[in-house]
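Take a look at the structure set out below.
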Amino acid sequence: MLMRRLGRSGLRVAALCLGGNTFGWTTDQAASEAVLDAYVEAGGNFVDTADVYSRWAPGNKGGESEAVLGIWMKARRNRPAVVLATKVMGPMGPGPNDTGLSRQHIVQGVEASLRRLETDYIDLYQAHWDDRDTPLEETLRAFDDLVSQGKVRYIGASNYHAWRLARALWESDKRGYVRYESLQPKYNLVFRDEYERELEPLCLEQGVGVIPYSSLGSGFLSGKYRRDGSLPATARAAGVQKNYMTDRGFAVLAAVEQVAAGLGATPAQVALSWLAHRPGITAPIASATSVAQLKELLGGIELRLDTEATATLDGASAWREA
């Protein structure tokens, strides 16, 4: 498995980060463990989850994905081999302090995550979203304390605007706190402008690792959604229809399928390869509900697109004039 440094840290992670958003939601314990075992067997070491996964599902209260991972790591006794990333910020209860990036919620959140994960440390602890109601100094001081205490190794940010990420990096530098070593933005062949416009140059200049989510557009870039076909019976279908099944989306998909046909690869592998080998990208995050899906994703990391294939994809997905 291709390994890369995370940001300016010394931590090395697999170039495919396995998304844990399906664990305890659309994949049960057994199915999740089968995917996790296959991922580790293939040389992977980087797994991403969050405390709120999957609070949105009927009957769930949050923490289901972390609990699945905790059971798996305890059974396999492989905690030292796993680079475990989770997140805090989202609502985990009805109270006014059960959400956000206050010291109160971060300290409460890390203890709950550690219990569910059945571990005493988290490798990468991420701010799931920005919190404009809490001073960045308070948030970063709380994270810095957790690193000093040994409960967290590194910190990262997710869903931050460029100016807020720049301000956070400045706060850390000014006060001598640990800094965000990674950013987790929404980024794929259909949604390029939000990341590339301001976040990409900032992350490249500051050496912030990038671990994009929605790498395959919630499955749209795998080619299973057709313009005139019926929607797949999946939990994400409605969101895909709204956000991806547009003229632009299908134009990008057509280019992906054209390149895939020429290379003897799948559309998902082509879309993932384009993303994984972009400048500044550390590891795309992608989830798999079966071992077969995982192997397809791993093939995308191994695939290297030539200049012509890359130009075809860039042309179809460009968000501004050349």
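The values are calculated or read from the model by the stated rules, or taken from the named source; none is laboratory data. Here the structure is a predicted model, which is why all the values come from computation and not from measurement. Note: ideal-geometry Cβ built from the backbone for every residue, glycine included; neighbour counts use all protein chains shown. Accessible surface is based on the protein model in full, side chains and every heavy atom, while ligands, DNA and RNA are left aside. Shrake-Rupley method; radii C 1.70, N 1.55, O 1.52, S 1.80 Å.
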* Has the stretch 88-101 got at least one residue that is closer than 18 Å to residue 47 by Cβ and small (Gly, Ala, Ser)? -> no
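Could we say that residue 30 is among the aliphatic types (A, V, I, L, M) and more than 27 Å from residue 279 (Cβ to Cβ) here? Explain how you work it out, then say what you get.
Numbers: among the aliphatic types (A, V, I, L, M): yes; more than 27 Å from residue 279 (Cβ to Cβ): yes.
Yes.
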* To do: Consider residue 110 carefully, then state whether it is in contact (Cβ under 8 Å) with a residue 12 or more places away in the chain, among the β-branched types (Val, Ile, Thr), within 24 Å of residue 268 (Cα to Cα) and out of contact with any Asp or Glu (no Cβ under 6 Å at 6 or more places or on another chain).
  => no
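Examine the stretch 116-124 for a residue that is within 18 Å of residue 174 (Cβ to Cβ), of a type outside the set (Asp, Glu) and modelled with pLDDT of 95 or more, and state whether such a residue exists.
We begin by selecting, within the stretch 116-124, every residue within 18 Å of residue 174 (Cβ to Cβ); these are none.
So far as the stretch 116-124 goes, no, none of its residues is within 18 Å of residue 174 (Cβ to Cβ), of a type outside the set (Asp, Glu) and modelled with pLDDT of 95 or more.
Do you know which residues across the stretch 136-164 are aliphatic (A, V, I, L, M), closer than 26 Å to residue 200 by Cβ and surrounded by fewer than 22 Cβ atoms within 10 Å (Cβ to Cβ)? Don't jump to the end; show me each part of the working.
The first filter runs over the stretch 136-164 and keeps only residues aliphatic (A, V, I, L, M), leaving 136, 140, 142, 146-147, 152, 155, 157, 162.
Those still in the list that are closer than 26 Å to residue 200 by Cβ too: 136, 140, 155, 157, 162.
Those that are aliphatic (A, V, I, L, M), closer than 26 Å to residue 200 by Cβ and surrounded by fewer than 22 Cβ atoms within 10 Å (Cβ to Cβ): 136, 162.
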* Just wondering, is there one or more residues in the stretch 171-178 that are open to solvent by 10 Å² or more (accessible area, probe 1.4 Å), touching a Phe, Trp or Tyr at 6+ places or on another chain (Cβ under 9 Å) and without any contact (Cβ under 8 Å) to a residue 12 or more places away in the chain? -> no
* Asked: So which pairs qualify, if the first residue must be in the stretch 49-61 and closer than 15 Å to residue 32 by Cα, the second must be buried (at least 18 other Cβ atoms within 10 Å of the Cβ) and of a type in the set (Val, Ile, Thr), the Cβ gap must be under 7 Å, and the two must be at least 6 apart or on different chains?
  -> 49/86
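Restricting the search to the stretch 200-217, which residues are open to solvent by less than 10 Å² (accessible area, probe 1.4 Å), under 30 Å from residue 265 (Cα atoms) and assigned to a helix (DSSP H, G or I)? Even if it seems obvious, please write down each step before you answer.
Filtering the stretch 200-217 down to residues open to solvent by less than 10 Å² (accessible area, probe 1.4 Å) leaves 203, 208-212, 215, 217.
Retained after the next criterion (residues that are under 30 Å from residue 265 (Cα atoms)): 209-212, 215, 217.
The one that is open to solvent by less than 10 Å² (accessible area, probe 1.4 Å), under 30 Å from residue 265 (Cα atoms) and assigned to a helix (DSSP H, G or I): 217.
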* Structure fact -> Matching residues in the stretch 74-92 (more than 21 Å from residue 143 (Cα to Cα) and small (Gly, Ala, Ser)) number 2
* Structure fact -> Within the stretch 135-171, the residues that are of a type outside the set (S, T, N, Q), assigned to a loop (DSSP other than H, G, I, E, B) and farther than 17 Å from residue 209 by Cβ are 135, 150, 151, 161
* residue 101 passes all but one of (1) touching a strand residue (DSSP E or B) at 6+ places or on another chain (Cβ under 6 Å); (2) outside any loop (DSSP other than H, G, I, E, B); which number fails? -> (2)
* Structure fact -> Considering only helices (runs of 4 or more DSSP H) wholly within the stretch 218-322, the ones with at least 3 residues that are modelled with pLDDT of 95 or more and either aliphatic (A, V, I, L, M) or open to solvent by 40 Å² or more (accessible area, probe 1.4 Å) (or both) are 247-263, 267-276, 291-302, 307-317
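Within the stretch 49-80, which residues are among the aromatic types (Phe, Trp, Tyr) and open to solvent by 10 Å² or more (accessible area, probe 1.4 Å)? Explain how you work it out, then say what you get.
Residues of the stretch 49-80 that are among the aromatic types (Phe, Trp, Tyr), as a first pass: 53, 56, 72.
Across the stretch 49-80, the qualifying residues are 53, 56.
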* Structure fact -> Counting only residues that are more than 11 Å from residue 187 (Cβ to Cβ) and touching a residue at least 60 places away in the same chain (Cβ under 8 Å), the stretch 275-291 contains a total of 10
* Within the stretch 113-129, which residues are surrounded by fewer than 17 Cβ atoms within 10 Å (Cβ to Cβ) and not in a loop (DSSP other than H, G, I, E, B)? -> 115
